[in-house]
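First the structure, in the form of structure tokens, and then the observations on it.
The values are calculated or read from the model by the stated rules, or taken from the named source; none is laboratory data. Every value quoted in this text rests on a predicted model; they were computed, and no experiment measured them. Note that we place each Cβ from the backbone using ideal geometry, even for glycine, and neighbour counts take in every protein chain shown.
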Amino acid sequence: MKNLEELKKIRERVKKDLELRTGKHRIKIVVCLGTCGIAAGARETMNTLIDLIAKNDTSDTIVTTAGCAGFCEQEPMIQIYIEDKEPVVYGKVDPKAAEEIFEKHILKGEIVEKYLFSKGK
Amino acid sequence: MKDLADHLFDILENSVKAGATEVKIILGIKDKKFFCKIEDNGSGIKDEDVTDPFVTSRKTRKVGLGLPLLKRAAESTGGFLKIYNSEKGGVILEFETDIAHIDAKPFGDIARTFVDAIYSWPKVSFDIFVQQKNNKKLSIFDSKKIKGIVNYSEMQQKEVRDFIYDSIDRELKKIGIDYQFGIF
């Protein structure tokens with residue numbers, strides 16, 4: 001690996017930026033990345049969500065991953081956990097659907113019925 | 001699975017699911033054949049044929065398709081897939097595909113696969129090497145070195161992710177692993 005010096009410089013910039021917005025994560029989005037999810041394009045969905053978080057500066061939201069949830073035909077699936085609210089699961093979330101869900105559910109708190117798979121535990 | 005990048009991500013997930021904390025990956029191209037060796041320190045495999053779709057460790061359903069699909073993709077080009085326990089207790093997986101074969105899958109974005117893996121499983125150390133023409137191994141990514149510089153939340157930032165992506169992608173392209181079928 002080369003360029004570790006360059007990484008150090010990037011780190012200094014990023015560190016300052018992070019210090020400005022320290023806060024707790026209020027929203028967690030879980031992308032299912034089992035074999036079924038991967039084959040259905042879930043990595044694209046995940047990267048779309050990560051980019052949307054950066055673009056909208058919603059630093060209270062994180063994206064994590066999980067394995068197969070057992071509903072492979074619904075992949076790519078995402079689960080959304082918002083503090084003090086029931087978890088919501090969406091199915092067949094391609095990048096376009098991810099954008100819509102992000103805009104409505106993450107930013108405004110509205111459930112997007114079109115892609116809804118289940119509500120509650 | 002539309003490309004080798006997806007397959008690669010899938011087998012990395014197998015290692016993580018088997019409890020691996022260290023995963024070593026070697027990639028290379030020789031005589032128009034792409035080969036990949038992955039060594040982990042996970043729980044290993046029991047005495048069973050894991051490339052059989054009806055053998056799986058998961059409990060949500062009774063089939064596992066990841067390895068059989070990759071095996072088929074490799075063999076359909078005249079290549080192979082081998083998986084066996086290492087002496088240290090983890091698993092070694094090797095596969096080779098003929099990238100000039102008509103049935104070969106494109107590489108896809110392999111650098112993105114690694115960035116996604118590093119993002120998805122921050123506790124796992126990934127060590128990535130490319131095999132150069134003179135048979136020497138070149139380290140192109142070392143989780144431990146990176147973690148000595150950036151912490152977990154810094155690693156999640158776009159600028160750091162882009163840096164890691166570019167530094168891996170540049171080295172992969174040098175040995176001919178390009179988005180499509182490589183440079184000959």
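Among the listed residues A:Lys16, A:Lys28, A:Lys8, which satisfies the condition of being closer than 23 Å to B:Val16 by Cα and of a type in the set (Lys, Arg)? Don't jump to the end; show me each part of the working.
Details: A:Lys16 fails: closer than 23 Å to B:Val16 by Cα; A:Lys8 fails: closer than 23 Å to B:Val16 by Cα.
Exactly one of A:Lys16, A:Lys28, A:Lys8 is closer than 23 Å to B:Val16 by Cα and of a type in the set (Lys, Arg), namely A:Lys28.
Is it the case that the stretch B:45-53 has a residue that's more than 14 Å from chain A (Cβ to nearest Cβ) and in contact (Cβ under 8 Å) with a residue 24 or more places away in the chain?
Filtering the stretch B:45-53 down to residues more than 14 Å from chain A (Cβ to nearest Cβ) leaves B:45-49, B:52.
This time we only want the ones that are in contact (Cβ under 8 Å) with a residue 24 or more places away in the chain, so: B:45.
There is at least one residue in the stretch B:45-53 that is more than 14 Å from chain A (Cβ to nearest Cβ) and in contact (Cβ under 8 Å) with a residue 24 or more places away in the chain.
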Here the residues within the stretch B:18-34 that are surrounded by fewer than 18 Cβ atoms within 10 Å (Cβ to Cβ), under 14 Å from B:Asn135 (Cα atoms) and either of a type in the set (A, V, I, L, M) or at pLDDT 95 or above (or both) are B:Ile26
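Here's the yes/no breakdown for (1) more than 14 Å from chain A (Cβ to nearest Cβ); (2) closer than 17 Å to B:Lys37 by Cβ; (3) part of a helix (DSSP H, G or I):
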residue	(1), (2), (3)
B:Glu96	yes, yes, no
B:Ile102	yes, no, no
B:Phe107	yes, yes, no
B:Ala111	no, no, yes
B:Pro122	no, no, no
B:Asp127	no, yes, no
B:Val130	no, yes, no
B:Leu138	no, yes, no
B:Asp162	no, no, yes
State whether one or more residues within the stretch A:76-87 are of a type in the set (S, T, N, Q), modelled with pLDDT of 85 or more and surrounded by 19 or more Cβ atoms within 10 Å (Cβ to Cβ). no
Right, B:Leu8: surrounded by 17 or more Cβ atoms within 10 Å (Cβ to Cβ), within 13 Å of another protein chain (Cβ to nearest Cβ), of a type outside the set (Asp, Glu) and within 8 Å of the chain's Cα centre (by Cα) or not? yes
When restricted to A:Asn3, A:Asn56, the only residue polar (S, T, N, Q) and at the interface with chain B (Cβ under 8 Å from one of its Cβ atoms) is A:Asn3
Go through the stretch B:100-155 residue by residue and tally those that are on the phi > 0 side of the Ramachandran plot and in contact (Cβ under 8 Å) with a residue 60 or more places away in the chain. 1
Just one of (1) surrounded by fewer than 14 Cβ atoms within 10 Å (Cβ to Cβ); (2) modelled with pLDDT under 95 trips up A:Ile106, so point out which. (1)
